[in-house]
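Reviewing the structure listed below.
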Amino acid sequence: MGGRPDEVRAPEKWLTEVERERAARFRFESDRAAFVAAHLLVRLCAAAALDADPGELTLLQHCDVHGPGHGRPYLEQAPGLGVSLSHTRGYVCAAAGPGKVGVDAEHVPPGPLDGMLADRVLTPRERVLVTGNDELIRHWVRKEALVKRGELSLDRFGSADGDLTGRHLLEWTAGPDIRVAVVTDHPAKRALIQRIG
């Protein structure tokens, strides 16, 4: 599922205390709104996969370095269901399904190819083939989705080609400048945002 933050109409009371505290730390309201919308959307997406009430789902995250509220998300009620979420200014998306899932959305920078970013993100073979920012961001979101699956790390972007063998890729464009990639263990399809209340 994906859309503008204001399209995710679900009550903030679904958020955990940790999520509310993290949301309150955002300096800009648009960033806070995107964070909240993504965290609500992943519940809607998971509820659709589980045929469950989204208000009854508790999203948890824990990172050994940064503590609660960071790290790979999971559902307390269904830890075996893969869930992932992403937000960028003006757009949010989420994915849920069996096995590992990863989703990422990013804006395409205007202008000619961002050479510094390309050198950081692309392997030498990819760098030769990529000529514009749209292609660059397509590689970025695919690799970031693999990071969210736990199969790649940010420091390896430039040395790993984002091999998708044995995985399923779903991609789309949102508006003129946002690229989205979802990487799953099983075939995936886009779903419309369900509105609650």
*Residue exposure sequence - 116, 1 - by fewest surrounding Cβ within 10 Å*: 116, 1
*asked:* Within the stretch 75-95, list the residues whose amide N lies under 13 Å from a label point set 7 Å along Cα→Cβ of residue 6.
replied: 90-91
_Can you match mean projected area of the Cα convex hull in nm² to one of these, (i) 14.3; (ii) 10.4; (iii) 11.2, based on a calculation from the structure here?_
(iii)
_Euclidean distance of C-alpha centroids, the stretch 177-193 and the stretch 104-131, integer Å_ = 21
*Does the stretch 107-185 come out rounded, prolate or oblate, given a ≥ b ≥ c as the square roots of the eigenvalues of its C-alpha gyration tensor, rounded meaning a/c under 1.5 and, failing that, prolate meaning a/b above b/c?*
oblate
*Vicinal HN-Hα couplings computed from phi for the stretch 140-145 (Karplus, 6.51 cos²θ - 1.76 cosθ + 1.60; Hz; Gly/Pro x)*: 4, 5, 4, 5, 5, 4
*Can you give the charge dipole size of the chain about its Cα centre, rounded to the nearest 20 debye, using +1 on the beta carbon of Lys and Arg and -1 on the beta carbon of Asp and Glu?*
100
*Identify the trypsin sites (Lys or Arg not before Pro) of the stretch 119-197 meeting these criteria: DSSP loop state and at most 10 other C-beta atoms within 10 Å of the C-beta.*
189, 195
*For residue 106, list long-range residues whose amide hydrogen, built 1.01 Å from N in the peptide plane, is under 5 Å from its own amide hydrogen.*
179
*Mind pulling the angle between the C-alpha long axis of helix 29-50 and the longest principal axis of the chain? Nearest 10 degrees, somewhere in 0 to 90.*
70
*Compute the longest continuous run of the chain that contains no exposed chymotrypsin sites (Phe, Trp or Tyr not before Pro); treat a site as exposed when its DSSP state is not H, G, I, E or B and it has at most 14 other Cβ atoms within 10 Å.*
29-197
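No value in this document is a laboratory result; all are computed from the given coordinates. The shown structure was predicted, so the numbers you read here are calculated from the model rather than taken from an experiment. As a convention, Cβ positions derive from the backbone with ideal geometry for all residues, glycine included, and neighbour counts pool all protein chains shown.
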